[in-house]
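Okay, so here's the structure we're looking at.
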Amino acid sequence: MKLREWIVDNPVLRYHLLEGMRLRARYPRWLLLTVGLLILSLYLWAFKVAATDGSVLVVIGLQMVTVCLVTVPMTHAIMSVEFEKATWEALVLTKLTAGQIVMGKFLSRIALMMLVLGLFQPLLWAATIDEFGKALVWSAIANIAKAEIVIIAWALLLIAATLYFSYRWRRGLAAAVAAFGGQVFALFILPGIWAMFVGIFAGSSSRMEPGHETLTWMFDPLSIVVNYSPIMTLGKLIPELGGIQQMNEKFPFLWGTWQATVYLLVAFTITNYLMRSVARATRKPV
């Protein structure tokens, strides 16, 4: 079964999951202990702030910033290092399939990112309880959960794209530049240009606002670029001022869930294409 082959019986996945432990063994124990205590102190301080004067928007924003800044550095060299260190041929000569090679590296980065995002969960729910208190309702919890799904889906898309760049160009630096540049373009430059274009040629910015009860917002060419931005998606799910009235407002149909689904489909397409590219290049089965 493919899933068992990719996850359970995959030495590439095990290698990359244990890679951090091997790296830590190179440093003096006192240094690791000092850094660990410093990180723990900062984390406990952040938890105290979130529990006493927390903001859901701030924690969600920190998660998104962390995904955008951390995902690329931890993924950009995972494929290219095999070419830079001349270990790709040795890897190809093993009995590993193309699927095991690609999915082992892909899933190891997902596991690491989920660990990073998991550290935010106590902060997020401490801030949620502090901000809403007894007024917390299921609709607010649902919106926060959707925001988490959007962030995770965007992280998977970034991992898939960076992994592909790392294999295609075989240079970690080139992959990092492409991934960071692509993020800046997709998150800031393209939506700004598109909004200006719509404002000039459509004559009204009202077309940029998605409808509520129909599916038209999903396919509206005048607003599709803005609506599929994770920043726009999170901005509507978690209003800046908080408040139960805003958290209970009626969102466009499947808002948040649909964007996350699209991100996951794109990530699946990129990963599948990468696996087949490796299979063709190495004449190995997927």
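So what's the back-of-envelope 222 nm ellipticity for the chain, counting only DSSP H runs of four-plus at -39500 (n - 2.57) apiece and dividing by all residues, rounded to 500?
When only DSSP H runs of four or more count, the value is -23000 deg cm²/dmol.
May I have the count of lysine pairs in the chain with C-alpha atoms under 18 Å apart, counting pairs 8 or more residues apart or located on different chains?
10
Please report the projected area of region 71-159's Cα convex hull averaged over all directions, in nm².
Seen from a random direction, the Cα hull of region 71-159 projects 7.2 nm² on average.
Can you find, among Leu69, Ile224, Ile129, the residue farthest towards the positive end of the dipole of the chain? Put +1 on the C-beta of Lys and Arg, -1 on that of Asp and Glu.
The listed residue farthest towards the positive side: Leu69.
Around Gly256, under 11 Å between beta carbons, what's the net of Lys plus Arg minus Asp minus Glu among the other residues?
So the environment of Gly256 carries a net charge of +1.
Treating only the Cβ of Lys, Arg, Asp and Glu as charged (+1, +1, -1, -1), what charge dipole size does region 2-282 show about its Cα centre? Round to the nearest 20 debye.
Dipole about the Cα centre, nearest 20: 1080 debye.
Read-outs: derived from the displayed coordinates by stated rules, not from any lab. Here the structure is a predicted model, which means the values were calculated and not measured. Here the Cβ is made from the backbone with ideal geometry for all residues, glycine too, and neighbour counts use every protein chain on show.
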